[in-house]
């Protein structure tokens with residue numbers, strides 16, 4: 001009787017159970033994207049709850065995650081990304097300058113919840129590009145065309161470092177800002193090139209003149225040294241005692257030679273006669 005009762009009861013509720021199962025499957029399929037979240041490598045998730053709002057104290061790592069259908073999961077790319085951009089700006093004197101630059105960046109992983117809550121997933125367009133473009137416009141607006149052509153990259157790089165610090169405070173890490181090209185109007189660029197070439201020619205001429213002046217001073221000093229040398233020699237030749245001494249030394253050296261010789265040095269005050277015929 002008991003088994004028969006259970007069977008009868010099950011037959012009665014079976015359609016209801018089947019309907020509930022179908023509804024569950026239907027809702028799972030319908031809300032699968034809101035329930036099941038797969039975070040792939042190089043990405044991280046921020047959860048928004050209908051009851052608690054944005055969860056800022058926890059970042060969902062790579063892998064498989066489940067949430068209630070009413071909640072949301074926002075998935076961010078946390079790898080280094082790059083934006084390339086072209087921009088026209090005006091120099092100090094109103095010259096139009098065309099810039100090609102790129103920005104390498106990534107969000108701060110541990111502050112991803114705060115970034116999402118305060119800025120959102122479109123933070124590159126809301127924060128990064130406006131900040132960098134503002135710095136570029138402001139910096140180039142203080143430069144003349146010559147400065148842009150010769151030292152523009154260095155000056156711009158220094159100003160961009162300040163913008164990077166501002167972005168750092170907004171939960172964004174900027175790896176680098178690359179100024180790929182600075183393009184001036186052709187007529188201006190050619191004029192600057194010519195001016196620089198002429199300056200190099202003048203510098204080269206000045207270098208040659210300085211080199212020749214140094215060489216002339218060197219030769220003058222050398223000539224003065226030679227002159228003093230011969231003055232000393234001339235004074236020595238005028239001293240008879242020195243001449244006699246040198247003569248005696250030379251006579252001694254000759255007398256020691258193995259060759260047969262007769263050496264006569266005459267004069268009242270001359271040196272002695274040295275005669276050697278042994279060989």
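The values are calculated or read from the model by the stated rules, or taken from the named source; none is laboratory data. What you see is a predicted model, and the numbers here were worked out from it, not measured in a lab. All Cβ positions, even for glycine, are placed from backbone atoms using ideal geometry, and neighbour counts span all protein chains on display.
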Residue 51: at pLDDT below 85 and either assigned to a strand (DSSP E or B) or not assigned by TED's automatic domain parsing to the domain that holds residue 122 (or both), yes or no? no
Which members of the stretch 54-72 meet the condition of being under 16 Å from residue 171 (Cβ atoms) and assigned to a loop (DSSP other than H, G, I, E, B)? 55, 56, 57, 58, 59
Considering the stretch 38-55, residues that are farther than 13 Å from residue 68 by Cβ and out of contact with any helix residue (DSSP H, G or I) (no Cβ under 9 Å at 6 or more places or on another chain), and then whichever is surrounded by the most Cβ atoms within 10 Å (Cβ to Cβ), we arrive at 39
If you check residue 136 against the conditions, is it under 27 Å from residue 41 (Cβ atoms), modelled with pLDDT of 85 or more and either crowded, with 17+ Cβ neighbours inside 10 Å or assigned by TED's automatic domain parsing to the domain that holds residue 41 (or both)? no
Kindly evaluate residue 79 against the criterion of being closer than 18 Å to residue 173 by Cα and loosely packed, with under 13 Cβ neighbours inside 10 Å. yes
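Residue by residue, here is whether (1) modelled with pLDDT of 80 or more; (2) loosely packed, with under 13 Cβ neighbours inside 10 Å; (3) touching a strand residue (DSSP E or B) at 6+ places or on another chain (Cβ under 7 Å) holds:
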| site | (1), (2), (3) |
| --- | --- |
| 158 | no, yes, no |
| 167 | yes, no, yes |
| 176 | yes, no, yes |
| 181 | yes, yes, yes |
| 189 | no, no, no |
| 193 | no, yes, no |
| 206 | no, yes, no |
| 212 | no, yes, no |
| 218 | no, yes, no |
For the stretch 73-94, what are the residues that are more than 24 Å from residue 44 (Cβ to Cβ) and in a loop (DSSP other than H, G, I, E, B)? 91, 92, 93, 94
